[in-house]
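I have placed the structure first, in the form of structure tokens, so that the comments after it can refer back to it.
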Amino acid sequence: IFDVPPSQVLAAFTAAASLDNSIARIEDVSAVLDQLESWNADPQHGLYQTLDLGAVGMSGHSFGAVTTQAVSGQTLFTTASATRDARIMAARPLSPSVPSLGSAELAFASVDIPWLLMTGSNDNAPVEGVGSDVAGRLAVYPALPEGEFYELVLFEGEHHAFTDRELGATQKARNPAHHGIIQALSTAFWDATLRGDLSAARWLRGEGALSVLEPGDSWQFR
């Protein structure tokens, strides 16, 4: 990808982040869950009765976070059809964003499952647009309704902090501590919300979570 001129890369990213592709991704999530249910109920399949489909979590990064938000409670004003999949019990949007149209508070008003938002203080996406910069990421948490929500902001964390992709020559090196923080908080979140682990819930809201952070990181919850 780094042998391609930056203008072409940006154009490809922008074209991929279309409304049609967003809807297709949302539909893909429900299609995958439908198939998992089918396999789980099929005595002839290798996954027969091995999946706990009552404890489904959803996560995605950047455009994947847009998909995650849409299937876990956000209302999309750009489509007339409902996008929530009620089988998803908790969500972790990485580099979340506010909607490009309408009020963020109205868009998130129906979110009624736990969300763990993760971003960074330098989390700007290569594709420009409403919500794809740091301000748009940080606007999600305060716009959420009453409920169980968490937010991590990694100090100097950039958009690629949540990936293992090879970095370009102009990109700042990752903080090696970030992945450990992401892993620790994510594991506790899934254990607390999907497994009902009370010790994990206490860890998230106590000194445990604070102990893994780096100076300058922000951690809040409600």
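Just subtract the alpha-carbon distance of residue 218 and residue 78 from 0.36 nm times their residue separation and send over the number in nm, one decimal. If you can, show how the numbers build up before the last one.
Values: separation 140, 0.36 × 140 = 50.40 nm, distance 3.21 nm.
Length gained, residue 218 through residue 78: 47.2 nm.
Once the other residues with Cβ under 9 Å from the Cβ of residue 53 are scored (Lys, Arg +1; Asp, Glu -1), what is the net sum?
Overall, the nearby charge balance is -1.
Round to the nearest 10 and report in Å² the accessible area of residue 156, as given by a 1.4 Å probe over the protein chains' heavy atoms.
We get 80 Å² for residue 156.
So how much accessible area does residue 217 have, in Å² to the nearest 10, using a 1.4 Å probe?
Its heavy atoms expose roughly 30 Å² to the probe.
With the Cα gyration tensor of segment 115-192 giving a ≥ b ≥ c as the square roots of its eigenvalues, does the rule (a/c under 1.5 for rounded; else a/b larger than b/c for prolate; else oblate) give rounded, prolate or oblate? Write out the running numbers ahead of the final one.
Values: a/c = 2.61, a/b = 1.25, b/c = 2.09.
Here segment 115-192 falls in the oblate category.
Suppose we flag chymotrypsin sites (Phe, Trp or Tyr not before Pro) only when DSSP calls them loop and at most 14 other Cβ atoms lie within 10 Å. Which is the longest uninterrupted stretch of the chain?
Maximal segment without exposed cleavage sites: 78-222.
Can you give the calculated 222 nm mean residue ellipticity of the chain, where each DSSP H run of n ≥ 4 adds -39,500 (n - 2.57) and the sum is split over every residue, rounded to the nearest 500 deg cm²/dmol?
Numbers: 9 runs with 84 residues, N = 222.
Result for the chain: -11000 deg cm²/dmol, rounded to the nearest 500.
For segment 74-116 and segment 131-162, write down the distance between their C-alpha centroids in whole Å.
One Cα centre to the other: 14 Å.
Within the accessible area of segment 107-219, what % is carbon and sulfur when the probe is 1.4 Å and the other protein chains stay in place? If you can, show how the numbers build up before the last one.
Details: 2830 of 5410 Å².
The computed percentage sits at 52.
According to the square roots a ≥ b ≥ c of the eigenvalues of the Cα gyration tensor, what is the shape class of segment 66-217, taking rounded for a/c under 1.5, prolate for a/b larger than b/c otherwise, and oblate for the remainder? Please list the in-between numbers first.
Details: a/c = 1.93, a/b = 1.10, b/c = 1.75.
It comes out oblate by the Cα gyration axes.
Output the relative contact order of the chain, whole-number percent, from Cα pairs under 8 angstrom with separation of 6+ residues. Mind showing how you got there, number by number?
On the way: 358 pairs, mean separation 34.8, N = 222.
That works out to 16 percent.
Could you provide, to the nearest whole Å², the per residue accessible area of segment 155-195 with probe 1.4 Å?
On the way: 2300 Å² over 41 residues.
Here the residues of segment 155-195 average 56 Å² of exposed surface.
In the chain, which whole DSSP H runs stretch at least 20 Å along their own axis (Cα) and average 0.0 or higher on the Kyte-Doolittle scale?
Working: long enough: 19-40 (32 Å, -0.15); 178-194 (23 Å, 0.46).
In the chain, the long hydrophobic H runs are 178-194.
Just check segment 55-119 against the gyration tensor rule for me: Cα atoms, a ≥ b ≥ c as the square roots of the eigenvalues, rounded for a/c under 1.5, and otherwise prolate or oblate depending on whether a/b exceeds b/c. Present the calculation step by step, with values, prior to reporting the outcome.
Details: a/c = 1.65, a/b = 1.21, b/c = 1.37.
Here segment 55-119 falls in the oblate category.
The values are calculated or read from the model by the stated rules, or taken from the named source; none is laboratory data. Quantities reported herein were computed from a predicted structural model and do not represent experimental measurements. Here the Cβ is made from the backbone with ideal geometry for all residues, glycine too, and neighbour counts use every protein chain on show. Surface accessibility is based on the protein's heavy atoms, side chains included, excluding ligands, DNA and RNA. Shrake-Rupley method; radii C 1.70, N 1.55, O 1.52, S 1.80 Å.
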